[in-house]
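Below you'll find the structure, written out as structure tokens, and then a few comments.
Every number in this text was worked out from the coordinates using simple rules, so none of it is lab data. Bear in mind that the values here come from a model prediction, so they are computed numbers and not experimental data. Because the Cβ atoms are built from the backbone with ideal geometry, glycine has one as well, and the counts that use them run over all protein chains shown.
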Amino acid sequence: MSFTTSLRLLPRPFWVLVGATFVNRFGVFVWPFLTLYITRSGNTAAQAGWAVSAYSAGAFAAAWAGGWLADRMGRNVTMAVSSLGSAVCMMAMSQTTDWRGLSALAFLTGLVAEAGGPASIALVQDIVPAEQRVAAYAVQRFAVNLGWSLGPVVAGMLAEHSFFWLFAVDAATSAFFGMVAWICLPRGRRAEAHLAGWGVAWRSIRRNRPFLALFGVCLCCSWTFRQTSTTFMLHLRESGHSMSWSGMILALNGIMICTLEMPFAAATSRVPARAMIAMGNVLMGAAYLALIGRSPLWIFGLCMVILTTGEMFAFSRQQAYAASLAPEDMRGRYAGFTSFAWAIGGIISSAGGLQLYGISPNAVWITCAALGMVAATLMIGTRQKT
């Protein structure tokens, strides 16, 4: 089946999910600027690192809860509760400036907001046939990154005047997504109560070597990718560039993906998934080496272009590949287990990356490159489905 044919056959609920996802992603104003908000409120970079890592700690717990809820209660219910709760948490964070209070609220926000992730992934697997999933995930990433390309530009401008509006818009778009999920999206496949526990899923996962290898790849990739919203942003400011420019640099990522990823996915549809994922991780890690030494504005742009190219290599196939490894009645928990990797990596990268940056920025960029190579080795070195 051709890429174009796959697009035409995607079901209506999928397009509803894509539209709501675009609005929600456009409104992700807080996360890219959270480190700046915390340090601007009088806290140190190291304290900001603990607060940001608390969000990832909450996301770790969310992977467990969200995966179970998606399989047991239904996909749309899980997404709705997650998004509506996230809106409340965002408004609470807007009224807090001390890093200890922000850490507690960041943990709660991560727990609530990220619980819907496994449900969203599992719902696409439920309603889209396997042969159309590469196209489906390309469309979904298009929506995510179109929002990402527009949102940070607006957020950067707002941040120059008031950080409060970042939280307010983020909360409003989360609430919108929650209402759409509750009213317009299906519940999807659900597991029987005695088969919905994590013990059953873990027995399956530990025998699934290809999936465990992918888990390791996600661990490495999460460190690399999280730097875009922590040390990358801090280094841009420390190099003397304004927050308005930071939003535009981040927008390069979304612009490239929106204009290039779907044609790229169509052109490389016959390339084995693990080769694409391996090459992508090498490029993402190596991108940060551009920041070694002096960092004029164009260097940040170059770093983002290389990183985004790697992202298009890896992420265009990773979700569809992960879906091919998950049993039908465990999709939510398998997606949740993948989220564990991102959460663990996020905890380590948020706290560890900012701590390491305080010692030597170059050490952060070299670590990113090394982890890209480790991820590629894991992917190529394990026998996996293509």
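Between SER269 and MET91, what is the spin-label point distance in nm, taking each point 7 Å from the Cα along the Cα→C-beta axis?
For the pair SER269/MET91, the computed spacing is 4.6 nm.
Report the Stokes-Einstein translational diffusion coefficient (µm² s⁻¹, integer) for segment 115-248, Rh taken as the Kirkwood radius over Cα pairs, at 25 °C with viscosity 0.890 mPa s.
On the way: Rh = 18.6 Å.
My calculation gives 132 µm²/s for D.
Rounded to the nearest Å, what's the spacing between the alpha carbon centres of segment 19-43 and segment 285-310? Just the number, please.
The distance from the Cα centre of segment 19-43 to that of segment 285-310 comes to 22 Å.
How much length would be gained if the chain were fully extended between GLU192 and GLU131, taking 0.36 nm per residue of separation minus their Cα-Cα distance, in nm to one decimal? Write out the running numbers ahead of the final one.
On the way: separation 61, 0.36 × 61 = 21.96 nm, distance 2.69 nm.
Length gained, GLU192 through GLU131: 19.3 nm.
For TRP15 and CYS184 in the same chain, what is the full-extension length gain: residue separation times 0.36 nm, less their Cα-Cα distance, in nm?
Numbers: separation 169, 0.36 × 169 = 60.84 nm, distance 1.09 nm.
Between TRP15 and CYS184, full extension yields an extra 59.7 nm.
At 7 Å along Cα-to-Cβ for each site, give me the label-to-label distance between LEU297 and ARG100 in nm.
Distance between the two pseudo-spin positions: 4.1 nm.
Going through the DSSP H helices of the chain, which span 18 Å or more along their own axis at the Cα atoms while scoring at least -0.5 as a mean Kyte-Doolittle hydropathy? Spell out each step's value before the answer.
Values: long enough: 12-26 (22 Å, 0.70); 45-72 (40 Å, 0.49); 75-93 (27 Å, 1.07); 99-113 (20 Å, 1.33); 133-159 (37 Å, 0.97); 164-184 (30 Å, 1.62); 209-226 (25 Å, 1.11); 243-267 (36 Å, 1.30); 273-287 (21 Å, 1.23); 297-325 (41 Å, 1.01); 331-347 (24 Å, 0.34); 361-381 (30 Å, 1.53).
For the chain, where a helix must reach 18 Å along its axis and average at least -0.5, the hits are 12-26, 45-72, 75-93, 99-113, 133-159, 164-184, 209-226, 243-267, 273-287, 297-325, 331-347, 361-381.
Mind giving me the FRET efficiency for LEU289 and MET157? R0 is 30 Å, r the Cβ-Cβ distance, nearest 0.05 is fine.
Efficiency for this residue pair is about 0.45.
Under 10 Å, Cα contacts only: if you run a Gaussian network model on the chain, which one of ILE249, ILE277, ILE299 comes out with the highest mean-square fluctuation?
The residue with the greatest mean-square fluctuation here is ILE299.
Compare the Cα positions of VAL112, THR35, PHE315 along the charge dipole of the chain (+1 at Cβ of Lys, Arg; -1 at Cβ of Asp, Glu; about the Cα centre) and return the one farthest towards the positive end.
Projecting each Cα onto the dipole axis, the largest value belongs to PHE315.
About the Cα centre, and with charges only on the beta carbon of Lys, Arg (+1) and Asp, Glu (-1), how big is the dipole of segment 12-381? Nearest 20 debye, please.
Charge dipole of segment 12-381: 700 debye, to the nearest 20.
What whole-number distance in Å separates the alpha-carbon centres of segment 46-67 and segment 164-214?
Distance between centres, Cα-based: 16 Å.
How high is the FRET efficiency from MET73 to ALA363, r the C-beta distance, R0 45 Å, rounded to 0.05? Show your work: numbers first, answer last.
Working: r = 44 Å, r/R0 = 0.97.
In this case the efficiency is close to 0.55.
Computed from the mean reciprocal separation of all distinct C-alpha pairs, what Kirkwood hydrodynamic radius does the chain have, in Å? Intermediate results must be reported in sequence, preceding the final value.
Numbers: mean 1/r = 0.0484 Å⁻¹.
Kirkwood radius, the chain: 20.7 Å.
Express in nm, to one decimal, how much length is gained between THR5 and SER239 on full extension, taking 0.36 nm for each residue of separation and deducting their alpha carbon distance.
Details: separation 234, 0.36 × 234 = 84.24 nm, distance 4.73 nm.
Between THR5 and SER239, full extension yields an extra 79.5 nm.
Could you tell me the relative contact order of segment 12-381? Use alpha-carbon pairs under 8 Å, at least six residues apart, and round to a whole percent.
Numbers: 682 pairs, mean separation 110.5, N = 370.
Rounded, it is 30 percent for segment 12-381.
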